[in-house]
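Heads up: the structure comes next, in structure tokens.
The values are calculated or read from the model by the stated rules, or taken from the named source; none is laboratory data. Values in this document were obtained by computation on a predicted structure and should not be read as measured data. As a convention, Cβ positions derive from the backbone with ideal geometry for all residues, glycine included, and neighbour counts pool all protein chains shown.
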Amino acid sequence: MFDPFPFYGFLEIKDVSYRPPGTKINLLSQVNLSIPEKSFGLIFGRSGSGKTTLLQLLAGLSKPTSGSIYVQRYSDDGEKMKSPEPLQPERVGIVFQFPERYFVADTVLDEVTFGWPRQKGGLQLRELLASRLQKAITSVGLTGMSLDKDPHSLSGGYKRRLALAIQLVQTPNLLILDEPLAGLDWKARADVAKLLKNLKKELTLLVVSHDLKELASLVDQSWRMEMGGVLKREPLPI
Ligand SMILES: Nc1ncnc2c1ncn2[C@@H]1O[C@H](COP(=O)(O)OP(=O)(O)O)[C@@H](O)[C@H]1O
Ligand SMILES: [Mg+2]
């Protein structure tokens, strides 16, 4: 299968500005960012500065007014290889802030498989989906839990694990998380942080968070979003 993140792939955001249709104010102003695959990038900054807006563009939910978002491959010696490839939305997973508010199903299994093809499909397809499901459930530590449980009955931390599993089933190359620790108690925060550390081995993570201390040990690169949607590379202020 086509892999948009080969070994020396970088996700690159180049001069991206965003102004919602029909408005005159830029929510993002000439944003630039470059992050190698399988690393952890963290964006912090004040509420209302444009962090969520940037994540929505990365997930393909809205289009930049100008600038581009793409994957660039580099060779061993740092030369650009081929032309940049557009980031494919289907290779990007996004977990919104408070994802548990959007749970729709009555069981954990239905929640994870919501959106799967309804028609029976061939045995091969069903086996593929089943093995992805198994892998996703294992990697978020939901093994041993009954898949018949009501998602709303889970603890805060387990709801977040479930939200991650829902995305991981789609085997994304880039996983975007908006405030993954918000609203969790200290134990659940530590659990989710540990989980993210493991995920970094397999995919690229771009995270918006105020919880700098808990995530500091995972962070490879960080940026501050300033009011008006101006992104600056900056070490964590801790
Ligand atoms: N569709 C929209 N139209 C106009 N303004 C918006 C829209 N969406 C968000 N905003 C505004 O854009 C700014 C940035 O919002 P947001 O990206 O949610 O910030 P953050 O995630 O950093 O708190 C805020 O002032 C917000 O009110
Ligand atoms: Mg936000």
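Condition first: of a type in the set (Gly, Ala, Ser) and more than 16 Å from ligand 1 (Cβ to nearest atom). Now tell me which residues in the range 140-190 satisfy that.
Of the residues in the range 140-190, the ones of a type in the set (Gly, Ala, Ser) are 141, 144, 146, 153, 155-157, 163, 165, 182-183, 188, 190.
Result: GLY141, GLY144, SER146, SER153, SER155, GLY156, GLY157, ALA163, ALA165, ALA188, ALA190.
Could you tell me which residue of the range 38-51 is nearest to ligand 2 (Cβ to nearest atom), considering only residues that are buried (at least 20 other Cβ atoms within 10 Å of the Cβ) and either more than 18 Å from LEU196 (Cβ to Cβ) or not aliphatic (A, V, I, L, M) (or both)?
Here is the first cut: in the range 38-51, the residues buried (at least 20 other Cβ atoms within 10 Å of the Cβ) are 40-45, 49-51.
Going one step further and asking which of them are either more than 18 Å from LEU196 (Cβ to Cβ) or not aliphatic (A, V, I, L, M) (or both), we end up with 40-41, 44-45, 49-51.
Values: PHE40: 19, GLY41: 16, PHE44: 11, GLY45: 9, SER49: 8, GLY50: 8, LYS51: 5 Å.
That would be LYS51.
So which of LYS197, LYS187 is more than 16 Å from ligand 2 (Cβ to nearest atom) and farther than 23 Å from LEU11 by Cα? Walk me through how you get there before you give the answer.
Details: LYS197 fails: farther than 23 Å from LEU11 by Cα.
Unique residue meeting the criteria: LYS187.
Taking the range 21-30 on its own, how many of its residues are in contact (Cβ under 8 Å) with a residue 40 or more places away in the chain and within 13 Å of ligand 1 (Cβ to nearest atom)? I'd like the intermediate steps shown before the answer.
Pass one, the range 21-30, residues in contact (Cβ under 8 Å) with a residue 40 or more places away in the chain: 26-30.
Narrowing the set further to residues that are within 13 Å of ligand 1 (Cβ to nearest atom) leaves 26-29.
So the answer is 4.
Take LEU215 and decide whether it is surrounded by 20 or more Cβ atoms within 10 Å (Cβ to Cβ), part of a helix (DSSP H, G or I) and at pLDDT 95 or above.
Yes.
Where the second residue is in a loop (DSSP other than H, G, I, E, B) and the first is buried (at least 18 other Cβ atoms within 10 Å of the Cβ) and lies in the range 133-154, which pairs have Cβ atoms under 7 Å and are six or more apart or on separate chains?
From the range 133-154, the pairs are LEU133/VAL169; ALA136/VAL169; ILE137/THR143; PRO151/PHE103; PRO151/ALA105.
Among (1) in a loop (DSSP other than H, G, I, E, B); (2) within 24 Å of GLN88 (Cα to Cα); (3) modelled with pLDDT under 95; (4) within 22 Å of the chain's Cα centre (by Cα), there is one condition GLY141 misses while meeting the rest; what is its number?
With (1) in a loop (DSSP other than H, G, I, E, B); (2) within 24 Å of GLN88 (Cα to Cα); (3) modelled with pLDDT under 95; (4) within 22 Å of the chain's Cα centre (by Cα) applied to GLY141, the lone miss is (2).
Having 3 or more residues that are of a type in the set (Gly, Ala, Ser) is the bar; report the strands (runs of 3 or more DSSP E) wholly within the range 1-75 that clear it. Before the answer, list the steps.
Details: elements: 9-18, 28-36, 40-45, 66-74.
Because the criterion is at least 3 residues that are of a type in the set (Gly, Ala, Ser), the strands (runs of 3 or more DSSP E) in the range 1-75 that meet it are 66-74.
Quick one: which of LEU54, LEU61 is within 13 Å of ligand 2 (Cβ to nearest atom) and either among the aliphatic types (A, V, I, L, M) or more than 27 Å from ALA182 (Cα to Cα) (or both)?
On the way: LEU61 fails: within 13 Å of ligand 2 (Cβ to nearest atom).
Result: LEU54 is the single residue among LEU54, LEU61 that is within 13 Å of ligand 2 (Cβ to nearest atom) and either among the aliphatic types (A, V, I, L, M) or more than 27 Å from ALA182 (Cα to Cα) (or both).
Taking the range 76-100, which residues are buried (at least 20 other Cβ atoms within 10 Å of the Cβ) and assigned to a loop (DSSP other than H, G, I, E, B)?
Matches in the range 76-100: LEU87 only.
Scan the range 91-111 and tell me whether some residue there is touching a helix residue (DSSP H, G or I) at 6+ places or on another chain (Cβ under 8 Å), more than 16 Å from ligand 1 (Cβ to nearest atom), free of Cβ contacts under 8 Å to residues at least 24 places away in the same chain and farther than 27 Å from ALA216 by Cα.
Checked the range 91-111: at least one residue is touching a helix residue (DSSP H, G or I) at 6+ places or on another chain (Cβ under 8 Å), more than 16 Å from ligand 1 (Cβ to nearest atom), free of Cβ contacts under 8 Å to residues at least 24 places away in the same chain and farther than 27 Å from ALA216 by Cα.
Any residue in the range 59-73 that is in contact with a Pro (Cβ under 9 Å, 6 or more places away or on another chain), more than 16 Å from ligand 1 (Cβ to nearest atom) and at pLDDT below 90?
yes
Quick one: what pairs do we get from the range 220-238, first residue assigned to a loop (DSSP other than H, G, I, E, B) and at pLDDT below 95, second within 16 Å of ligand 2 (Cβ to nearest atom) and not acidic (Asp, Glu), C-beta under 6 Å, 6+ apart or different chains?
ILE238/LEU212
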